[in-house]
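Colleague: Below is a structure I'd like to ask you about.
The values are calculated or read from the model by the stated rules, or taken from the named source; none is laboratory data. If you're wondering where the values come from, they're calculated on a predicted model, not measured in any experiment. Note: ideal-geometry Cβ built from the backbone for every residue, glycine included; neighbour counts use all protein chains shown.
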Amino acid sequence: KQIQWFPGHMAKARREITERLKMIDVVFELVDARIPLSSRNPMIDDIVGNKPRLILLNKADMADPAITKQWEAYFEERNVRTVTVNSKSGQGLNRIPEIAKDLMKDKINKMIEKGVKPRAVRALILGIPNVGKSTLINRLANKKMAKTGDRPGITQRQQWIKVGKELELLDTPGILWPKFEDQTTGFRLAVTGAIKDEILDFGDVAFFAVQYLKEVYGDQLRERYKLEDLTAPPIEVFEEIGRKRGCLLKGGEIDYDKAAEIILRDIRSEKLGALSFERPSDF
Ligand code: G4P
């Protein structure tokens, strides 16, 4: 699913989005509630400019509710509007039209002053691959739409989807590239499944996850794998998980790859509960 974003793709994606921004009033920037900053495109502010914007903290069902609250406060302090949503179930989506309208109120007031009848708010969804853009569009449209390829350059006819009376959405989202900046960002993207496992070594990703869980979600980790000693160094905790799960090679050596696979699968299928992989205090 993931594509290699080389500069040509990036430039093209950016051009296409810039072109479409001319048609819209408000941008819905979709991020993963578990990693709200790491799942943003690095150039989003530059690309969106001063169009009004709403950040949707998606996959909230998979994120730690207490940390999501902290993120809501983080963005509010920076005067950035957010809505916490679950695009799969539809939870939180009903607040979007009202907030979109509020974000456009200056423009609406100007129309009223000029004697123009205000029209529906027009919005475009932007986000990195896998963040839930198609799921969200389908939910808002209340029907199943074809999934767009995760690549810029597929030009299709654009259509407006009506969401109630006061909101219209472009039916194809803007797909932007993820951050490749530093290793931690890469690990966070990989743990949550935003980038494919082939991109980073999944053993490294799982080891990162164990280190983080040991620090932040010790109880969940201990409970899931029936661990005794969480004060041991992360590598020993990792090995203990492997042993507990029977990930052993001939001769009794730990099968690290197998253990890594189990750990990542468990995290992604929420066997350790709802977890967030970055916190405002990490920044
Ligand atoms: P994209 O267009 O941005 O690339 O993302 P897409 O909608 O394809 O969603 C990527 C994956 O994330 C899908 O899972 C989708 O079901 C899931 N998803 C989207 N929003 C939410 C949400 O709010 N909560 C949860 N829990 N999951 C969400 P998948 O495994 O690829 O497909 P499937 O198992 O749902 O069929």
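Colleague: Scan the stretch 92-113 for residues that are surrounded by fewer than 16 Cβ atoms within 10 Å (Cβ to Cβ) and closer than 11 Å to residue 140 by Cα and jot them down. Walk me through it before giving the result.
Modeller: Quick first cut of the stretch 92-113, residues surrounded by fewer than 16 Cβ atoms within 10 Å (Cβ to Cβ) only: 94-95, 98, 102, 105-107, 109-113.
94, the sole residue that qualifies.
Colleague: Turning to a different aspect of this structure: Among the helices (runs of 4 or more DSSP H) confined wholly to the stretch 26-136, which include 3 or more residues that are within 15 Å of the chain's Cα centre (by Cα)?
Modeller: Numbers: elements: 44-48, 65-77, 96-103, 105-113.
It comes to 65-77.
Colleague: Taking the stretch 194-236, which residues are closer than 26 Å to residue 132 by Cα and of a type in the set (Asp, Glu)?
Modeller: Once the filter is applied, which keeps residues that are closer than 26 Å to residue 132 by Cα and of a type in the set (Asp, Glu), the stretch 194-236 yields 197, 198, 201, 204.
Colleague: Here's something else I'd like to know. Give the stretch 1-22 a look and list any residue that's part of a loop (DSSP other than H, G, I, E, B) and at pLDDT 95 or above, or say none. Walk me through it before giving the result.
Modeller: Here is the first cut: in the stretch 1-22, the residues part of a loop (DSSP other than H, G, I, E, B) are 1-6, 22.
Selection gives 22 alone.
Colleague: Filter the stretch 66-90 down to residues that are on the phi > 0 side of the Ramachandran plot and more than 16 Å from the ligand (Cβ to nearest atom), then give me how many there are.
Modeller: Here is the first cut: in the stretch 66-90, the residues on the phi > 0 side of the Ramachandran plot are 79, 90.
This time we only want the ones that are more than 16 Å from the ligand (Cβ to nearest atom), so: 79.
So the answer is 1.
Colleague: Let me ask something additional. Could you give every pair whose Cβ atoms fall below 6 Å, whose first residue belongs to the stretch 89-116 and is free of Cβ contacts under 8 Å to residues at least 12 places away in the same chain, and whose second residue is of a type outside the set (Lys, Arg) and more than 16 Å from the ligand (Cβ to nearest atom), counting only separations of at least 6 or pairs across chains?
Modeller: As it stands, the answer is 108/118; 111/118, since those pairs meet every condition given.
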